[in-house]
Amino acid sequence: MASNRSFEIGTGLFILLGFAALAFLATQTTSLAGYRAGDTYALKARFTNIGQLRERAPVKLAGVTIGSVQAIDLDPVSLDAVVTVAVDRRFAELPDDSSLSIFTSGLLGDQFVAVRPGGSPEFLRDGDEFLLTESSVQLEELIGKYLIGGEGGNRPGADPAE
């Protein structure tokens, strides 16, 4: 009887540890973990399509997290998505001709915002807007273009003379 009771307690502890491990992995693989912001400044950018970008998604420069997405709004006039990013003040010298792109980490991973620095001697300041942006590429659109044959209307491998 005593061995049966210790077996039940061991099984219960094993299940609790499993749930704790799953919770830890869930927080570490989402955009909720990793970046701890200090003093930040806000920059804005307009995109025609942000895909599945979420608030708190990382903002990266050369693969290094320099900030996070602070807010996502819709401009009622232009119908563009207006993304506000909070960039750490340690990275205050971003050239004003820098661009923003939305990328996906891995094939089906979370989306993040990538900064490509420009070469201007002038820097972006709090409240400025990125003028150069590249919207999210949707996997469904790429698959559809491949299956339908792209913009020319030809299927891959089809004879263009047909």
Report task. From 121, 156, grab the single residue that is part of a loop (DSSP other than H, G, I, E, B), farther than 23 Å from residue 55 by Cα and at pLDDT below 85. Result -> 156
Requested in this report: Test residue 92 against the stated conditions and say whether it is surrounded by fewer than 18 Cβ atoms within 10 Å (Cβ to Cβ), farther than 18 Å from residue 131 by Cβ and in contact with a Leu (Cβ under 9 Å, 6 or more places away or on another chain).
Outcome: yes
Report summary line: Going through the range 85-110 in order, the residues found to be within 14 Å of residue 45 (Cα to Cα) and under 13 Å from the mean Cα position of the chain (by Cα) are 85, 100, 101, 102
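The values are calculated or read from the model by the stated rules, or taken from the named source; none is laboratory data. All values derive from a computational prediction rather than experimental measurement. Neighbour counts are summed over all protein chains in view; Cβ atoms, including those assigned to glycine, are modelled from backbone coordinates with ideal geometry.
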